[in-house]
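So the structure is just underneath, and the comments pick up after that.
The values are calculated or read from the model by the stated rules, or taken from the named source; none is laboratory data. Since this is a predicted model, take the numbers as computed values, not measurements. Neighbour counts are summed over all protein chains in view; Cβ atoms, including those assigned to glycine, are modelled from backbone coordinates with ideal geometry. Keep in mind that these areas ignore ligands, DNA and RNA; they rest on the heavy atoms of the full protein, side chains included. Shrake-Rupley method; radii C 1.70, N 1.55, O 1.52, S 1.80 Å.
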Amino acid sequence: MIKFKINDKEVQARSGWTVLETARQYGIEIPTLCFHESVASSGACRLCMVELREENWSKLVASCIYPVSEGINVYTETERVQNVRRWIFEMLLSECPSSKEVKEMAKKYGVFKTRFPVQNPNESCMLCGLCTRVCEEVVGLSAIATLDRGVHKKVGAPFLRPTEVCVACGCCVTICPTNAMRSRIDSVRSNTKMQLAKAA
Amino acid sequence: MESNARVGVFICKCGDKIEPFIDLNLLQDKLLKDQNINYCEIMPYSCLKPGIENIYSKVINQKLNRVIIAGCESRLMLKKLEKELEPLDLKKGQIDIVNIRGHVASVSDISSAMKADKSAKLIKASAAEMVSLAPTIQSLARIEGPVMILGSGFASYTAAHELINNGFDCLLPSEIIESDFIINNLHLKYPGEYVYYDKLKLIRKELSTSKHVSAIPPGELIRLSGVTGDYKLTFSENDSGKEKSYKAGAIIACIDSDLKATDAEFWYDGQKVICQTEIEEIIQNKGIQEGKVVFWVNDYEAGYPEFSNLSSKSAWSMAKHIRELHNRVEVIILYNEQMQIPLSAEERSIGRKLGILWLPYDKEVRPSIQEGYITVCNIKDHVEYDISWDYMVLSPERKLYGNTLKTAQILGLVHKDGHFLAGRHVRVRPEMVGREEMYLAGSGKYPCNLNDALAQGYKAGKKTSEMLQKSKACELYLPRIVCAVDPQKCVGCGMCQELCDCGGIGAIEGTGGGLPRIVDPMICTGGGTCAASCPYHALILQNNTTDQREARIAALSRELSGSEVIGIACAWGGLPAADNAGAKGLKYDPRLHILGVPCVGQLDPCIFARAFLEGAPGLILIGCNPDECHHSYGIDHAGSRVTIIKKLLTMCGFDRRRIALAHADLNKPEEFIRTIESFTKTIEALGPIERNSINISKLESIYGLVKDNTRIRHLLCANLRRPWEHSYKGEPRHALEYDRDFSDALTEELLNTRVLRLLRLYNRPTMLQELSSNLMVDKKKVGERIWDMVNEGRVQYTHKDSEPMFIAHA
Ligand code: SF4
Ligand code: SF4
Ligand code: SF4
Ligand code: SF4
Ligand code: FES
């Protein structure tokens, strides 16, 4: 058993657990966005940041990928953590301003507006990559990917055209935390019998 | 029924997503009282490392062999849990996830105690199913070479090459390996693909000297029997006419479609107005030194716009070749403005340098050809103008015919729909697909260029090699959820084979009728409509059987009260729609209880009848839209099975609206909610079915009839063919006439069943009058049925005071 502290409370974990997993086991809430239980963590969004403190130093780590170790001191609600969180929410509000889900979550953490310029007011995807991960890891396919379109990345099927690779299982829609995949899925899935008509 | 099943339930708190909404302690109490559940625990998160490790140790300590997670979407989560718990020997079907988060916690505002109650019903139903699961033993698949590569398509070269590189033996048609004849005629199948000649010739040489390759003398495939791992292929040899058989462990079909010249409709004359394959022959034989060659990519006009890309690509490649050899020849490619030019930026610039002209024409005006000229309409000003030509080249027609088609037929590759072999519309997760994708390579599957065909061959070779390697290492297992035939029960009616779309069902030997069928587990996708239709229950979907489903639905139905209903949702339409409704926090009528199934087409109608028998007031099936059904015609077949229940409900005086089939799109959870709310309203208005003895006896008769009456099951099965399907053998009957006869048969058999049931119950000589008044059916009608059954030997009679008395045959 590995012993350490979260918010000064003694906790126990086994090697291989992450800080986030341990915190959740003890009912300590840490907000996450790009994390989902069904796929491997990617540590992309940094919303799950927590502070590690020693006597004379401290650092921020992403709790969803940070492994536990003996004697560490984890704090989930320090000022630094809250600042980063606010900053991330502000970034998100500028990157995917049209997502109701992101707005609600930001509100919960006291963020209502952003200092950053809004690129595209209709964007709701925050490029967390959950959709592509679930397609690959759970469904076993690679129907969608993060497409590089110059400066602006985008999630979708290659060339943004319906692809026969997609089996239209909808896992990506279910997992998407911002609801962005809902409007995107129709440009990914192709109709089975439409393909048939083509072959007929 | 496995008596030693030990079921453990792990309930998730899931942070603020489940615990605040459902009274979990109450839920745990209820579950612990269930006789099927041996262990139950509430956990913070079942799916994270700490949770999984806990489940792991509980399975060991408590000797559990069934695990139910009361959590969220099994579509997302099951794979992870199966993987993590794999070392415990929990196989497919021994772990289930009930989505209490998305189907109970978030979707309504009822109290947390009521939600605990609803969750308990769903979990207990799952436990009942788990207890009735009798897991099959995990058996190894034994597949050894050689691999038969059939069809003489170009993909044969890459497929065989890949196999011999991996050290596996293959059998190839002699024409493929013994000379360059096939390769020299490449242009007949794939015009314009010059770059491949040398590569293919090299491969051929290598094959011809490889010790792993054996040649099959020229002949025609006439028979195939056996399953993956143990095939027998019989050929009739061209020279001797003798039959010769070969054994093979696997088959790869490499089939190219044939290219044919279009007919006079496009002014084809075979001299100057020719097909792409013919210009290629001219280029190769005498070459073109001067003049003007016009390629008309006429696929839009010929009715195949989808092939315009292929045709224009071949045209481009030939145009390039012509111009590279002789720059005095002028080349133009004419195309319908709707087409997109399929060239990369680099190819475009090469084309510009070579001076190849791409000319679009107005899609509204069909070009017309006269001697030396073609008239097309300008897309800018809509004025027609003429382009002169010396050679006019048309796109080919792509077809499968003759021997190729016959071979494909024998291999079971010819599909009901479509002219090409890629007609399979099972569209499921990769692990559910049988060997389908590696079985077939080449443009016969679906028109493609040579590069694609060779890549398909390579892939087929690679996947087959992997399979053989796995088998060699004793790591290849038969899939868990596939159909299997009980040869003792199968009468060889062949119904299943006709309905099955994955092509995995064959006869044990030969192809004829009367022979027991056999399922190739390596091809079966586990769709299961075949199993649901077998009149004799000879075909079952292993580890996902009708018995399991019945147990689940019966357990749930017994617990329903008032106008609570069951919704059976398929994994591709209804279930994701429900999951998405839950995940997005939408609210709907809490009386709906959702059961997920892989496909509504795999449900035997006796499952529906069982729900009513056990007390469900209403049952709605929520599948995909017919055009999006992932298991070919599963949803249509489900429709026919719902119809028989509707007919029977009506005949028994119940409301036929108690069962309904609905369609959902995963991305339209709001519409899903409209669907189910309209159904719950209907059932609310009807109220529950009164549980009096006459109603129960009617429901028992309905259940007995659809489950055990082979005549009705046969008729139902034949009824699954829809009037607009023309590909079944024999002359189809008029659908409405058939339906009328079917209803008559149902009326007859229903009354038979009811009479027999009663006679068995009484178990003493009974008078007609008594039967008639008890069944509340006219005496004359009962009389007709009973004398029929006397003639059939199902009922015996005696006389008492010159009145006939009846008793059921022992
Ligand atoms: S579509 Fe959704 S799941 Fe995919 S990257 Fe965007 S926000 Fe994430
Ligand atoms: S719907 Fe298509 S893109 Fe989305 S997860 Fe399923 S297969 Fe992948
Ligand atoms: S399985 Fe689902 S419901 Fe259970 S803890 Fe994990 S995410 Fe939550
Ligand atoms: S439907 Fe049943 S009885 Fe008929 S061939 Fe198939 S398995 Fe045999
Ligand atoms: S939740 Fe940890 S980085 Fe996104």
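Residues in region B:509-520 that are open to solvent by 20 Å² or more (accessible area, probe 1.4 Å) and at pLDDT 70 or above: B:Leu515, B:Pro516, B:Ile518. Count of region B:408-419 residues, restricted to those that are open to solvent by less than 20 Å² (accessible area, probe 1.4 Å) and modelled with pLDDT of 75 or more, is 3. Report, ordered by the first and then the second residue, all pairs with beta carbons closer than 6 Å, sequence separation of six or more or different chains, a first member in region B:587-600 that is more than 16 Å from B:Asp96 (Cα to Cα), and a second member that is open to solvent by 10 Å² or more (accessible area, probe 1.4 Å) and acidic (Asp, Glu). From region B:587-600, the pairs are B:Asp589/B:Glu677; B:Arg591/B:Glu564.
To keep it simple, each residue is scored yes or no on (1) outside the structural domain of A:Lys9 (by TED's automatic domain parsing); (2) modelled with pLDDT of 95 or more; (3) small (Gly, Ala, Ser); (4) away from ligand 2 (no atom under 16 Å from the Cβ).
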residue: A:Ser94; (1), (2), (3), (4): no, no, yes, yes
residue: A:Lys103; (1), (2), (3), (4): no, no, no, yes
residue: A:Thr114; (1), (2), (3), (4): yes, no, no, yes
residue: A:Ile144; (1), (2), (3), (4): yes, no, no, no
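Is there a residue in region B:460-468 that is outside any loop (DSSP other than H, G, I, E, B), within 16 Å of ligand 4 (Cβ to nearest atom) and within 17 Å of B:Met432 (Cα to Cα)?
Keep residues of region B:460-468 that are outside any loop (DSSP other than H, G, I, E, B), which gives B:460-468.
Keeping just the survivors that are within 16 Å of ligand 4 (Cβ to nearest atom) gives none.
Within region B:460-468, not a single residue is outside any loop (DSSP other than H, G, I, E, B), within 16 Å of ligand 4 (Cβ to nearest atom) and within 17 Å of B:Met432 (Cα to Cα).
In region A:44-63, which residue that is more than 14 Å from ligand 1 (Cβ to nearest atom) and assigned to a loop (DSSP other than H, G, I, E, B) is farthest from B:Ile69 (Cα to Cα)? Step through it out loud before you land on a result.
Narrowing region A:44-63 to residues more than 14 Å from ligand 1 (Cβ to nearest atom): A:46, A:48-63.
Right, trim to assigned to a loop (DSSP other than H, G, I, E, B) and you get A:46, A:48, A:54-57, A:63.
Details: A:Arg46: 30, A:Cys48: 26, A:Glu54: 39, A:Glu55: 43, A:Asn56: 45, A:Trp57: 42, A:Ser63: 25 Å.
So, considering only residues that are more than 14 Å from ligand 1 (Cβ to nearest atom) and assigned to a loop (DSSP other than H, G, I, E, B), the one farthest from B:Ile69 (Cα to Cα) is A:Asn56.
Exactly one residue out of B:His630, B:His637, B:His537 is farther than 21 Å from B:Ala105 by Cα, within 14 Å of another protein chain (Cβ to nearest Cβ) and touching a residue at least 24 places away in the same chain (Cβ under 8 Å): that is B:His630. Among the residues of region A:1-14, just one is within 10 Å of another protein chain (Cβ to nearest Cβ) and in a loop (DSSP other than H, G, I, E, B), namely A:Arg14.
Residues that are under 13 Å from B:Leu619 (Cα atoms): find the helices (runs of 4 or more DSSP H) completely inside region B:527-595 holding 3 or more of those.
Counting at least 3 such residues, we get B:546-559.
Kindly provide the set of residues from region B:221-236 that are under 15 Å from B:Gly151 (Cα atoms) and open to solvent by less than 50 Å² (accessible area, probe 1.4 Å), ordered by number. Result: B:Leu221, B:Leu224, B:Leu233, B:Thr234, B:Phe235, B:Ser236. For region A:169-183, taking the residues that are within 9 Å of ligand 2 (Cβ to nearest atom) and more than 7 Å from chain B (Cβ to nearest Cβ), the one that is modelled with the highest pLDDT is identified as A:Cys172.
Against the conditions (1) open to solvent by less than 10 Å² (accessible area, probe 1.4 Å); (2) hydrophobic (A, V, I, L, M, F, W, C); (3) away from every other protein chain (no Cβ under 14 Å), B:Ala569 satisfies every one except (3).
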